[in-house]
Each structure stands twice: as C-alpha cells, then as structure tokens.
Amino acid sequence: MRFEAEVIAAYGRHLRVRDATGGEHDARPFGRRVQAVCGDRVACEHDAAHAEVHVTEVLQRSNVLERATTRGGAEAVVANLSQIVVVIAPAPVPDLFVADRYVAAAASLGIEALIALNKIDLLDSEARSVADAMLVPYRKAGYRCVTCSATRPESLTALRAALAAHVSVMVGQSGVGKSSLIGALVPNLDIATGALDRDAEGRHTTTSACRYDLPGGGAIIDSPGVRDFAPAIDTLEPSSLGFLEVDRLSTQCRFADCQHLREPGCAVRSAAEDGTLDARRYESYRRLRRLFEDLREKRGPGHRSDAARRPVR
Ligand code: GDP
Ligand code: ZN
C-alpha cells in the first residue's frame, strides 16, 4: 500500500516518517537512489510481508539546505524549510562571518532568516549595549533579530512569535545554547543539554536530525548535521551572494554583472566607503566572494547552472 509521509527524524538511512493521519513509522530508503533528509516529503510503501515501511521516492522539495563538504561539494541536510534561525551569544565569542554565511544561505534559498541573541541574562547593562550594537547592521539591512535567554522563560516571547507558523532550523556555533533553547520551547522534550549527549570534548554525539512541533504552531528541526555547518557556497545567489543590503544597492551599480569588488561605478563599494554599508558586513561579503570565485574556478565551466538559482527577494 502506497502512502505519503514526512520525514520527522533521520539517522543516516534510518528514518522516522509521519503519515497524513499522524501515525509514525520507522522506515528505510528503498535503494541507493533514494536520499531522504529530515523535512522531506516522501512516498512510502508498506511491505506487509516484512512488517517494514520503505521510502520509495523523495517528493519535490521546495528547498534544501546543503552543507559544504571538505571537497567543495554540497550535501543535503534538511529540506522544505521556511526559516533559518542563527543563534549567537556573548559566549562563545560570536564569529559573525559564520552568521553572515547562514543568513546569506537563507536569502539565497528564498526563506526567512532570524538572528537570535541568546544568553542575555549574562549581560550587565554595558555589555548589553555592546551586544545590541552588534545587531544594528543586521537590523538595518533588513534581518529580523530577537534577544532571549534559554534560562528565562519570560524572555522567549519574541522568539516564540518569530517561530510560529514556520518550519525553522536552528544553527550556530557550538555552545551558544541551541539545545537549551529547543528544550525551553518544546514541551515534554527529552533532549539532553550539557553533558548527556556530548563526548569528552563537548561535541554532540547524537547524530539524528529531528523535527519537533511547537505548541504555538510551526516546527523546529534540530539537525546535528547543520549545527556548526558551513552552508555550501554554491547555494548562494551569484550576484549578491544573499547579502540583502548588497542586493538592494547593486541595482545602482554601473555594470549589471558587478561583483562589488573593484569595478568602477560600484554602488556597494561606495556605500561601504561612506559608511552607509557596514564595513564589517562588506568585508564579510568580500571574503565570501573570494571563496565563491575560487570554487567556481576549481570546478571550471559547465558546472551546474547559476541561472537555475532563485533571486534574492
Ligand atoms: P548548543 O551547543 O548550542 O546546543 O548549546 P547548549 O544548549 O548545549 O548550551 C551550552 C551551554 O550554555 C550550557 O552549559 C547551557 O546551560 C548554557 N546556556 C544555554 N543557554 C543559556 C542562556 O540563555 N543563559 C545562560 N546563562 N546559559 C545558557
Ligand atoms: Zn557593484
């Protein structure tokens, strides 16, 4: 019997799927060709003889978040998202270049990005203004930002509201509080934070990606595969690389194919020079542009077409 379902957990090729009636089944992909990830909608066959569910086909994805592999390729990690939530915190010290790459990936996929500054309970008023200042360039560029503390339930209202009705994935450096936040947002959830599911070096040892329904509607996908990942560089929109403010400014560049580096008449560079574009964000754009061009060069012409990529909103 054929039925359609959604992958709500993936541990390598062990899948858990939920059918239209809410029934959950352990399932496995039928054949090597079927590569399902958490969030995928799939076609299944119930193999009554063996009391097994086979996933026979991955249905069309609205989008897929891919991580960069060490060889410069891309590997699918989660599918059918509507939002990427980038968690940063006062400690560990934020690597904003990484945060920029996540929000760039979101814009390039045509989905929402949200920046959540966690652990605000650790900040006195002076440190708080430093942290708020860090968010200013993002807010100005058009990214939504919220502040929160996983240890203070009353601080989670804005985050909850931003997650409602979305299928989000939480990403960010190890230790910023992603598991703690998910634990605070999802009732009756048994994800261990801290020592329980970590090895001696503090790395997560749980390797399954899971989707959790949120009480206010929407869902959050926790995927160890994307927790500290670098989004695949070739998922980025080729003209602005997914930087919202670069995208807006680029309409005033002299050349339509401007890369916003040294070209004459570049509106992006002149905005960075006169301070209308945040200097750190521009530097981040330049670093990503170099990586992007390096990768393209390595691959040579004829690799998968950039034209197929969706433009930034
Ligand atoms: P993850 O690696 O991003 O999943 O981070 P964890 O959720 O495991 O949190 C890392 C550490 O930060 C743990 O010791 C948590 O107890 C602590 N932590 C997480 N969120 C907060 C917070 O909002 N405030 C404070 N003070 N500590 C937090
Ligand atoms: Zn330009």
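When only residues in segment 264-288 that are touching a residue at least 40 places away in the same chain (Cβ under 8 Å) and under 13 Å from residue 244 (Cβ atoms) count, which is surrounded by the fewest Cβ atoms within 10 Å (Cβ to Cβ)?
278
Which members of segment 31-51 meet the condition of being among the acidic types (Asp, Glu) and modelled with pLDDT of 90 or more?
Correct list: 40, 45.
Which condition from (1) surrounded by 20 or more Cβ atoms within 10 Å (Cβ to Cβ); (2) among the aromatic types (Phe, Trp, Tyr); (3) at pLDDT below 95 is the one that residue 97 breaks?
So residue 97 meets the others, but not (1).
Can you run down the residue pairs with Cβ atoms below 7 Å, 6 or more apart or on separate chains, where the first is in segment 47-58 and touching a residue at least 24 places away in the same chain (Cβ under 8 Å) and of a type in the set (A, V, I, L, M) and the partner is buried (at least 16 other Cβ atoms within 10 Å of the Cβ) and not in a strand (DSSP E or B)?
Matching pairs, first to second residue: 55/30; 55/34; 55/36; 58/34; 58/36; 58/40.
Mind checking whether some residue in segment 213-222 is under 25 Å from residue 97 (Cβ atoms), in a helix (DSSP H, G or I) and at pLDDT 85 or above?
Scanning segment 213-222 turns up no residue that is under 25 Å from residue 97 (Cβ atoms), in a helix (DSSP H, G or I) and at pLDDT 85 or above.
Kindly provide the set of residues from segment 10-21 that are in contact (Cβ under 8 Å) with a residue 60 or more places away in the chain, of a type in the set (A, V, I, L, M) and surrounded by fewer than 20 Cβ atoms within 10 Å (Cβ to Cβ), ordered by number.
Matches in segment 10-21: none.
Among the residues of segment 255-287, write down those that are more than 20 Å from residue 135 (Cα to Cα) and in contact with an Asp or Glu (Cβ under 7 Å, 6 or more places away or on another chain).
Of everything in segment 255-287, just one residue is more than 20 Å from residue 135 (Cα to Cα) and in contact with an Asp or Glu (Cβ under 7 Å, 6 or more places away or on another chain), namely 255.
Restricting attention to segment 186-204, does a residue exist that is surrounded by fewer than 15 Cβ atoms within 10 Å (Cβ to Cβ), modelled with pLDDT of 75 or more and within 12 Å of ligand 1 (Cβ to nearest atom)?
Taking every residue of segment 186-204 in turn, none turns out to be surrounded by fewer than 15 Cβ atoms within 10 Å (Cβ to Cβ), modelled with pLDDT of 75 or more and within 12 Å of ligand 1 (Cβ to nearest atom).
Does any residue of segment 234-256 turn out to be more than 30 Å from residue 173 (Cα to Cα) and either among the acidic types (Asp, Glu) or in contact with a strand residue (DSSP E or B) (Cβ under 9 Å, 6 or more places away or on another chain) (or both)?
Within segment 234-256 (the criterion being more than 30 Å from residue 173 (Cα to Cα) and either among the acidic types (Asp, Glu) or in contact with a strand residue (DSSP E or B) (Cβ under 9 Å, 6 or more places away or on another chain) (or both)), the answer is no, since none of the residues qualifies.
Each row is one residue, and each column tells you yes or no for (1) at pLDDT 95 or above; (2) closer than 23 Å to residue 63 by Cβ.
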| site | (1), (2) |
| --- | --- |
| 119 | yes, no |
| 135 | yes, no |
| 159 | yes, yes |
| 173 | no, no |
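Please go through segment 271-292 and pick out each residue that is outside any helix (DSSP H, G or I), touching a helix residue (DSSP H, G or I) at 6+ places or on another chain (Cβ under 8 Å) and away from ligand 2 (no atom under 14 Å from the Cβ).
278
Restricting attention to segment 41-49, does a residue exist that is in a loop (DSSP other than H, G, I, E, B) and either surrounded by fewer than 20 Cβ atoms within 10 Å (Cβ to Cβ) or not aliphatic (A, V, I, L, M) (or both)?
No: segment 41-49 contains no residue that is in a loop (DSSP other than H, G, I, E, B) and either surrounded by fewer than 20 Cβ atoms within 10 Å (Cβ to Cβ) or not aliphatic (A, V, I, L, M) (or both).
Search segment 152-172 for residues that are within 19 Å of residue 78 (Cβ to Cβ) and pair each with any residue that is basic (Lys, Arg) and away from ligand 1 (no atom under 16 Å from the Cβ) when their beta-carbon atoms are under 9 Å apart and the residues are at least 6 apart or on different chains.
Listed by first residue and then by second, the contacts come to 162/144; 167/211.
So, in segment 230-270, exactly how many residues are assigned to a loop (DSSP other than H, G, I, E, B) and out of contact with any Leu (no Cβ under 6 Å at 6 or more places or on another chain)?
22
Taking segment 86-131 as the region of interest, how many residues are in contact (Cβ under 8 Å) with a residue 12 or more places away in the chain and part of a helix (DSSP H, G or I)?
Total satisfying the criteria: 19.
Filter segment 64-85 down to residues that are crowded, with 19+ Cβ neighbours inside 10 Å and not in a strand (DSSP E or B), then give me how many there are.
Residues that pass the stated criteria total 2.
The values are calculated or read from the model by the stated rules, or taken from the named source; none is laboratory data. Since we're looking at a predicted model, the values are computed, not measured. Note: ideal-geometry Cβ built from the backbone for every residue, glycine included; neighbour counts use all protein chains shown.
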